[in-house]
1. Please get the size of the charge dipole for region 252-349, origin at its Cα centre, with Cβ charges of +1 on Lys and Arg and -1 on Asp and Glu, quoted in debye to the nearest 20.
2. Assign unit charges at the C-beta atoms only (+1 for Lys and Arg, -1 for Asp and Glu), then state the dipole size of region 310-415 relative to its Cα centre in Debye, rounded to the nearest 20.
3. State the percentage of accessible surface on region 243-368 attributable to carbon and sulfur atoms; use a 1.4 Å probe and exclude ligands, DNA and RNA.
4. Give me the angle, in degrees from 0 to 90, between the Cα long axis of helix 177-191 and the longest principal axis of the Cα atoms of the chain, rounded to the nearest 10.
5. Report, in degrees rounded to the nearest 10, the 0 to 90 angle that the Cα long axis of helix 211-223 makes with the longest principal axis of the chain.
6. With a 1.4 Å probe and all protein chains left in place, how much accessible area per residue does region 184-341 have, in Å²?
7. Using a Cα distance threshold of under 14 Å, what count of lysine pairs results for the chain when pairs must be 8 or more residues apart or interchain?
8. Say a paramagnetic label sat at a point 7 Å from the Cα of L436, along Cα to Cβ; which residues of region 406-429 have their backbone N under 17 Å from it?
Amino acid sequence: MTEVLLRGRLLTFHDEPMGGEASADAFTYIEDGGLLLRDGTIAAMDEFSALRAGEGRNLEVIDHRPHLIMPGFIDAHIHFPQMQVVGSYAGALLEWLNRYTFVEEQKFSNQGHPERIASAFFDELIRHGTTTAAAYCSVHKASVQAFFAESHRRNTRMVAGKVMMDRNAPPGLLDTAQSGYDDSKALIAEWHGKGRQHYAITPRFAPTSTPEQLEMSGALASEHPDLHIQTHLCENTAEIAFVAELFPWSRDYTHVYEHYGLLGPKTLLGHCIHLTDAEIRAIAESRSVAVFCPTSNLFIGSGLFDLARLRASEPSVRNAIATDIGGGTSYSMLRTLDEGYKILNIQGQRYHPLRSFYQATLGNARALSLEDLIGSLKVGAEADCIVLDAGATPAMRLRMETVETLVEELFLLQTMGDDRSIVEVYVAGRPAKSTL
Ligand SMILES: [Zn+2]
């Protein structure tokens, strides 16, 4: 049995704190808390003194005071093969894809490259406090093998899949409807449910798949209804016009995915910026998830995600937040929350820091339908947690002198914080950052 008692200020969410600190039932905060990690799960969460006394044994205590302990961050949309694309000087989406991304992703057919990038990728996630991600691999089976092998080795809970794309990209990046299906099938058999790994059916987006491939993707989805599906939707206006040309029969972009049976409660739709009311309704009714990728949307100039509009629909649209590396510009969910705040603020939408930290943890776990396992510090949850320091830099320490409340501290963390604010990361109960 491996067991350790963490001491620090504990914060975890039970629900979305729509009213900020007035939503006291939505979160638990313990000033001098104890978090007991046993065999990879959270065995107890309480006042430190109560746990220390109640356990009555020689527990190993790791004292993280005065830092904040929270569930690990969850990134709902990221591209593992794009580590060397970040910061490419392109204009809008289609130029960015053709000029940089589709060139870079071809390197994943080179011997040793997927393994090298997978190792760097997991180092970077851990460094930034991200313990779970929904990731796109490249079209090459080897990229998925490398990704899951690395994740399995590190015992991280990950969602990932082989991108399927059979048109409108360089030949070196294309599969076929049949090979995309066969490769996905083999990878599902090998990796889905192995340790903490989840397979996601991953047609890149409508412009790079033929109708035959989308049909095969739908077949995979109906043969494996428990799998996630991830793709992109309505990121950019030129992309939307291209989809209308490629699928002239479809009412709109969303209808293409709907037609092939790709919407549903485990479907993650990256971006969802330029949507009609009918599309919002279709997404909401299917219980699919709209994934907000703020740094990417600003960097590629795609547009402003309208959270209030999505949430105001009846039923409301489920949502998540993500980095979208390499269109996104930071691996940090703190940087991502900061840019998300700005995008909403410029549209007149206030976004309370308690809501943003909820979103990066339990909110994203719910979006991935994994809230029973991750995203909180509740007893029985997997022990993926992070230790945050709001005074990680001289400028932050100076600003912290005037911070009086938890909410102010959280807002400072998201406004000025990055990987330097992540003091430690526990993956299934084991320290993962200090051992990098
Ligand atoms: Zn993306």
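The values are calculated or read from the model by the stated rules, or taken from the named source; none is laboratory data. As the structure is a prediction and not an experimental result, all values here were calculated from the model. All Cβ positions, glycine included, derive from the backbone under ideal geometry; neighbour counts span all protein chains shown. Just so you know, the surface numbers come from the protein's heavy atoms only, side chains and all, with ligands and any DNA or RNA stripped out. Shrake-Rupley method; radii C 1.70, N 1.55, O 1.52, S 1.80 Å.
1. Working: 8 positive and 10 negative charges, 53 e Å.
Dipole magnitude for region 252-349 comes out near 260 debye.
2. Values: 10 positive and 13 negative charges, 59 e Å.
Rounded to the nearest 20 debye, it is 280 debye.
3. Details: 2070 of 4100 Å².
Heavy-atom surface of region 243-368 belonging to carbon and sulfur, 1.4 Å probe: 51 percent.
4. It works out to around 20 degrees.
5. 40 degrees
6. Numbers: 5020 Å² over 158 residues.
For region 184-341, the per-residue accessible area is 32 Å².
7. Values: K107/K141; K141/K162; K141/K185; K162/K185.
Counting lysine pairs in the chain gives 4.
8. In region 406-429, the label zone of L436 (backbone N under 17 Å from the point 7 Å along Cα→Cβ) covers 417-428.
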